Every structure is written in C-alpha cells, then in structure tokens.
Number of protein chains: 2
Amino acid sequence: MKIKSQKLSKNEKVVLEVVKKSNGPIKAYTILSDVKKNGLKAPPQVYRALDKLIKKGKIHRIESKNAYLDCQNSKCKTSSRTAFSICQKCEKVTEIINTKLSKFLSNFKDDAGKEYQKYNLEFYGICKKCKS
Amino acid sequence: MKIKSQKLSKNEKVVLEVVKKSNGPIKAYTILSDVKKNGLKAPPQVYRALDKLIKKGKIHRIESKNAYLDCQNSKCKTSSRTAFSICQKCEKVTEIINTKLSKFLSNFKDDAGKEYQKYNLEFYGICKKCKS
DNA sequence: TATAACTTGTTATAATATAACACTTTTATG
DNA sequence: CATAAAAGTGTTATATTATAACAAGTTATA
C-alpha cells in the first residue's frame, strides 16, 4: 500500500497557515484576500491548495457552509471519515473525535450489507456558549 | 407543538414534480430550465420553492453535490435527520432509512454530553452496479 | 373589509468554483 | 548526469450556485 506523501508545496503551506490561524471555518475567498500578501492572486491557486490539503488530511471542508477548517485530529491521516458539530447560532464548528461514533459508522452496513470507507457527518445544534 | 403546514404553493408543486421525476439528485439550474415551460423564469423562484420543500420534508439537499433529491421516506416529516449513500462513480444517491443508524445518531452524545436534534450524514462508496 | 402573512415576479449581482493553457520546478530513473 | 515524467504555479476568462432587494398579488382570518 502506497502512502500518500504528506509533503506540502509552497502554496499549500501558505494556505494551510491561513486556515490554521483562522478562528473556525474560513471561506475560499477570505483565504484568497489574505494570501494576496504572499503573492497569490487568483482563485485557482487557492482552490488547488485546498483540494490537496483535504486529500492530505490537513484540512476538512464543511460541506453545508462551503468553508474550510484545519484538522484537529492528530491521528487523522486522511479526509475519509469526518464528523462535525455545527452551532446554528454562532456558526462555530468543532470536529468530533469520538471512537464510538467512528467505529459505529465505519462498521455500519446498509440494508444491502454494504460498508463504507468514507463518510461525512454534520451535527447541528446550539453550542454551550450560545445557550447561556 | 405547532405542526408546520404541509400544504404546497403553486411554485412548490411545480418544482417538486420536477425533482420527483428526475432520476436522482437534480441541480437548481436544471430544475429552472425545466420549469420554464411552467412560466417560472428566474432563480429565486426555484430557490425559494426548494427551501420551502426542504423545510416541509418533501426533498433533501445533498450538500456535497449542491443537488436536490425527493424524500423517499414516507414517514419523513422534517428535514432534520438525514443519511445518504453516494456512489463515487455514477453519482447515484440513495436515502438511507435505517432505524439502528437513526437511533444511534439521535441518541449520540458528544464529549460534552450534548445531543443533537439535527444531522446530515453522507456515505461515499461504489454502488453495486458500478462494482460489477 | 382590513390587515397580516404569505407568495410571486423581476432585475441585478454576489459568492463559489473550474476550464484551459503556458510555463517552471521537482522527482524518479535509465 | 541527463532527461523525461510528474507535480506545481501563474493567469485569464468563465461557469456554476445562490441571494438581495423591491414591487405587487394572493390568501387567511379576525
């Protein structure tokens, strides 16, 4: 089994830094305006970096928000099994790292007996801070 | 507890028919070009109908595809707890209706002990047909 | 009938994402 | 090392997805 290189290119590093330092999910065009000081100028440069970073397990895409979040899971080597908690008020997003959940979903068989190597789960609710 | 009306407006009916008769997830602008023969002309008319239909539990949005699918679950009264199987080859999408899964996710407590009223789960794999 | 809530029609534009092509850099390997 | 293949970059243009804003019509019902 060939292991995908985790080495990052110049643009990938630049984009990853921006995603990391953002406090929560960040949008592609927000990243773009930020990385302009690093010489990047056009959307494809950002989107290409984002795609690679996702494949390399460095960041995740929050599908329901068209936004990107750096991976909090030190053990995460891929982008294949993800779960998030999303606050419907403040829009805060947290990655859920929970063995019971990931085991259940990884072992889940549908009615045809099929298992899945890849999933994305998004939970929606009101976070602690917004409740109080 | 007030029950949300399931009554559909004219445009909602028109859009729902198009989603229903489509063989799988359908895009907003595909719907638009289809409903032009019914007199609808502009994106907002379609998007408004889609939003309402989702809230009324008649259709679902497949987040990772920006596409819409009619709800297969006769018992589905809301859009709050959804699970789908998505083929990575042919892009076929099937709604997963599985009590074990929905129970597990509805009862799931995160590390803070929090439960969620709403979730969306997307499984990715290769469907039977594409495998053979 | 008045009025509030909902629905529609319309134009314009915002936000998100990719195609296509030329060029450069890095990596692998004969 | 040479050099070819693969990966990465820069750029322009354009495609795709979605919403803002406003005016007007319709429906429910107090």
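Overview of values
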item: DSSP bridge orientation in chain B - percent antiparallel, rounded to nearest 5; result: 55 percent
item: Convex hull volume per residue for the protein assembly as shown, taking Cα atoms only, in Å³; result: 169 Å³
item: Built amide H within the under 5 Å cut-off of residue A:59, gap 5+; result: A:54, A:71
item: DSSP beta bridges in the protein assembly as shown [antiparallel fraction, %, rounded to 5]; result: 60 percent
item: Per-residue ³J(HN,Hα) for segment A:53-63, Karplus 6.51 cos²θ - 1.76 cosθ + 1.60, θ = phi - 60°, Hz, x for Gly and Pro; result: 4, 5, 4, 7, x, 7, 9, 10, 9, 8, 4
item: Exercise: per-residue mean of other protein chain Cβ atoms within 10 Å, B:113-119; result: 5
item: Gain in span if fully extended, residue B:72 to residue B:29, counting 0.36 nm per residue against the direct Cα distance; result: 13.3 nm
item: For segment B:42-52, 3J(HN,Hα) per residue [Karplus equation, 6.51 cos²θ - 1.76 cosθ + 1.60, θ = phi - 60°, Hz, x = Gly/Pro]; result: 10, x, x, 4, 6, 4, 5, 5, 4, 4, 5
item: Residues residue A:7 and residue B:8, FRET efficiency given R0 of 45 Å [Cβ-Cβ distance, rounded to 0.05]; result: 0.25
item: Percent accessible area from carbon and sulfur atoms, chain B, protein chains only, probe 1.4 Å; result: 53 percent
item: Number of partner chain Cβ atoms within 10 Å, mean per residue of B:53-66; result: 1
item: Total accessible surface hidden between A and B, rounded to 100 Å², 1.4 Å probe; result: 2400 Å²
item: Accessible area in square angstrom per residue, segment A:10-131, 1.4 angstrom probe; result: 55 Å²
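The values are calculated or read from the model by the stated rules, or taken from the named source; none is laboratory data. No experiment lies behind these values; they were computed from the predicted model shown. Cβ coordinates were reconstructed from backbone atoms using ideal geometry, including for glycine residues, and neighbour counts include every protein chain displayed. All accessible areas refer to the heavy atoms of the entire protein, side chains included, with ligands and DNA or RNA removed. Shrake-Rupley method; radii C 1.70, N 1.55, O 1.52, S 1.80 Å.
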